Amino acid sequence: MVSIVVPVYNVTNYIERCLTSICAQTYQDLECILVDDKGTDDSMQKITRFIQSYNGTICFKIVVHSQNKGLSCARNTGLKNATRKYVYFLDSDDSITPDCIEQLLNLMRQYPEADFVQGNILDEDSCYCKYSFHENVPEFVEGKEQISKYMLDVVTSSAWNRLLKRNFIIQNNLYFKERIAHEDMHWVYFLSQKVKAVAYCHKGTYLYSIVDGSIMTSKNKSSMIHRYSSRLSASADYMHDMKLNGSDIYRRRYACVNLTSCVVELMNLCSLKHWLLFWKYILGLSFSLIGKFTLIRFLFALSLMPPICFFAGHRAFKWRIQKYLINKI
């Protein structure tokens, strides 16, 4: 019934824990697709040894990339090689609870009209964490505005920990944009455009790990530039989509949070070159969205340049930028 897609890249310290959690599932009609994204450690050797010693009903498949292509491409490869009715994305440095797949399948059977079921998130100590959703999230959500609200404004935007109907993903061409950071946020935005109904499992099913030195936490200059550039690229996609298909308050807020996060990333980067590129982008965006450029709007754009922009890390300043953009988009 279920294909679990696991991208693999330099996770030697975590991959055995991940595989063990898959094998421990109370629901065993599983296909596990491991996508070798050409890392430089011994992760794949550990996987090979693990599968050779495994004696059970889960069908393991290894798909090998010719070169490193990134997380988005690895997920797309896994999706294209999946054969079961449902697809579940699991990052290889994380793990799942023993009843994860069973819990999500039971909820999918309860709400067959749902396009996906999402489980709740635990930390490594099996406690609810800052990414968990809370009791105010309904078990079942339908309707365009309510879906936007919960998918884009309330529940964490992640690709993992969702049991998705494979045909729904393929028919709507909901593949991941490749070669960007924050690919989950980009994917969730466009996923929310197609979803007709969704179910939320309040029980924790996913054990999320924060890995030091990953591209999402690294202070390396190239990583920060990659994150910043990815957010700019995503912003352009969101704005283009809203121009074509219209928007609601939740889509606008989602886009603006992404855009103002560029400012925070640039604040840490401290690169005049990238500030100037960003400012040029903001000016172009303002003209394309508003048409008429007033003195107040010019002063707003100016506030995104040094030295005023260095206050972007302060919540009040960041909130004011977002509020302005939301009202103008």
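Bear in mind these aren't lab numbers, they're just calculated from the coordinates by the rules spelled out. Bear in mind the structure is a predicted one, so any value in this text is a computation, not a measurement. For neighbour counting, all protein chains shown are included, and Cβ atoms are generated from backbone atoms with ideal geometry for every residue, glycine included.
Distance between the modelled labels on R179 and K203, one decimal in nanometres: 4.4 nm (7 Å Cα→Cβ projection).
Protection proxy ranking for 184-190, 49-55, 271-277, 150-156, using the average of other Cβ atoms within 10 Å per residue and placing the highest first: 184-190, 150-156, 271-277, 49-55. Under 5 Å from the amide H of S3 lie the amide H atoms of E31, R84, Y86, V87, Y88, each residue being 5 or more positions distant or on a separate chain, with H modelled from the backbone and absent for Pro and chain starts.
Sort the following peptides by mean Cβ neighbour count (other Cβ atoms within 10 Å, averaged over residues), highest first: 121-133, 158-170. Before the final figure, lay out each step's value.
Numbers: 121-133: 14.7, 158-170: 19.5.
Ranked by mean Cβ neighbours within 10 Å, highest first: 158-170, 121-133.
Across the range 20-25, computed HN-Hα scalar couplings (Karplus, 6.51 cos²θ - 1.76 cosθ + 1.60, θ = phi - 60°) run 4, 5, 5, 5, 7, 5 Hz from first to last residue, x flagging Gly and Pro. Between N81 and L244, the simple spin-label model (points 7 angstrom out along Cα→Cβ) gives 3.1 nm.
Here the 3J(HN,Hα) profile of the range 257-270, calculated from phi with Karplus coefficients 6.51, -1.76 and 1.60 at θ = phi - 60°, is 4, 4, 5, 6, 5, 4, 4, 5, 5, 5, 4, 6, 6, 6 Hz, Gly and Pro shown as x. Each peptide among 18-31, 97-110, 59-72 gets the average number of other Cβ atoms lying within 10 Å of its residues, and from highest to lowest they stand as 97-110, 18-31, 59-72. Phi-derived couplings, Karplus 6.51 cos²θ - 1.76 cosθ + 1.60 at θ = phi - 60°, listed residue by residue for the range 66-78: 6, 7, 5, 10, x, 4, 4, 5, 5, 5, 4, 4, x Hz, with x used for Gly and Pro.
Projecting label points 7 angstrom from Cα along Cα→Cβ for E124 and F140 puts them 3.9 nm apart.
Give me the number: length gained by fully extending N172 to K196, i.e. 0.36 nm times residue separation minus the C-alpha to C-alpha distance, one decimal in nm. Don't skip to the answer; put the middle values down first.
Details: separation 24, 0.36 × 24 = 8.64 nm, distance 1.22 nm.
Additional length available on full extension: 7.4 nm.
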